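K.L.:
Handing you this structure, nothing more for now.
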Amino acid sequence: MQDRDLSEYRPSGSSSSRHVPCSHQLCESSLNCKSSTQQCPYTIGYYTENTSSSGLLVEDTLHLASVDDHKLNTSVQASVIIGCGMKQSGGYLDGVAPDGLMGLGPGEISVPSVLAKAGLIRNSFSMCFDNEDSGRIYFGDKGPPTQESTHFLPSDGKYETYIVGVEACCIGNSCLKQMGFSAVVDSGTSFTFLPNEVYERIAKEANQCYDHKLSRLSVEILLQVQFRGVAKGSSLEARVPFKQ
């Protein structure tokens, strides 16, 4: 698969686009409509401070390549809901996501949920990236049978975001006690943020293991603690066990 330069999506330039009316079952702002035939508006806020988007919903066709054991590179056409932003704030004004954002959350309007409801995929997906910031997304992928998993936790009784329970943080062979907390898994966020008390305890434990000043802490599947000092470039592995 080759990378392609993307451009802004314009409904007027797509022959398959159509308005989503306020009577549509996925229109969450129908109470703000004057009539059932009016185009459905949307407003959404993000975790980043003062970042939001509002506009109108349209429905269009997403073209996907289907790959399985029996069929290779067959084409699948799926109808998805797209939010066309008309008013942006916060990070969007600084050039964040110039090509737009793909909704991958557990809500009914997200792309995986719509594809699963249409019977095209299992309600799951995976994302893989290489060292050159390029990668692929697989809809319907559940991974190998040996892959370990953890349950998602509800927020206010609803599954609106991907929340997992973290049991502990381990630095080398030492696991810090009473370090449990809930974490939001967000593929659209560049950095992983820890609660202040958790970060401070990890930093303190790391500095006890190495006589260097902690300069940066990045979190992926595993935490890697990097230091400045005599042993420049050295790293200490930190693990984050999730609740089963």
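K.L.:
Taking amide H positions as placed in the peptide plane 1.01 Å from N, state which residues far from G103 in sequence (5 or more) or on other chains have amide H under 5 Å from it.
P.N.:
V111
K.L.:
How would you rank 141-152, 84-95, 160-171, highest first, on the average number of other Cβ atoms within 10 Å across their residues?
P.N.:
Numbers: 141-152: 9.7, 84-95: 13.0, 160-171: 17.0.
With the highest mean Cβ count within 10 Å placed first, the list reads 160-171, 84-95, 141-152.
K.L.:
Let me ask something else about it. Pop a pseudo-label 7 angstrom from the Cα along the beta-carbon direction at both Y9 and V67 and give the gap in nm to one decimal.
P.N.:
My value for the distance between the label points is 2.2 nm.
K.L.:
Given the C-alpha centroids of segment 7-21 and segment 143-159, what is the distance between them in whole angstrom?
P.N.:
34 Å
K.L.:
Something else about it: Pop a pseudo-label 7 angstrom from the Cα along the beta-carbon direction at both Q77 and N173 and give the gap in nm to one decimal.
P.N.:
Those two pseudo-labels are separated by 6.2 nm.
K.L.:
Given points 7 Å out from each Cα along the Cα-Cβ axis, report the S124 to F191 separation in nanometres with one decimal.
P.N.:
3.3 nm
K.L.:
Tell me whether segment 15-123 comes out rounded, prolate or oblate; compute the Cα gyration tensor, take square roots of the eigenvalues as a ≥ b ≥ c, and use a/c under 1.5 as the rounded threshold. Intermediate results must be reported in sequence, preceding the final value.
P.N.:
Details: a/c = 2.15, a/b = 1.41, b/c = 1.52.
The shape class here is oblate.
K.L.:
If amide H atoms are built 1.01 Å from N in the plane of the peptide, which residues on other chains or at least 5 residues away come under 5 Å of the amide H of L62?
P.N.:
Long-range HN contacts for L62: A78, S79, V80.
K.L.:
What area, in nm² and to one decimal, does the C-alpha convex hull of segment 89-181 cast on average over all directions? Let's see the in-between values first.
P.N.:
Working: hull surface 40.5 nm².
Mean orientational projected area (segment 89-181, Cα hull): 10.1 nm².
Taken together, the values in this text are just the output of simple stated rules run on the coordinates, not laboratory data. Note that the structure is a prediction, hence the values are computed from the model and not measured. Cβ atoms come from the backbone with ideal geometry, glycine included; neighbour counts cover every protein chain shown.
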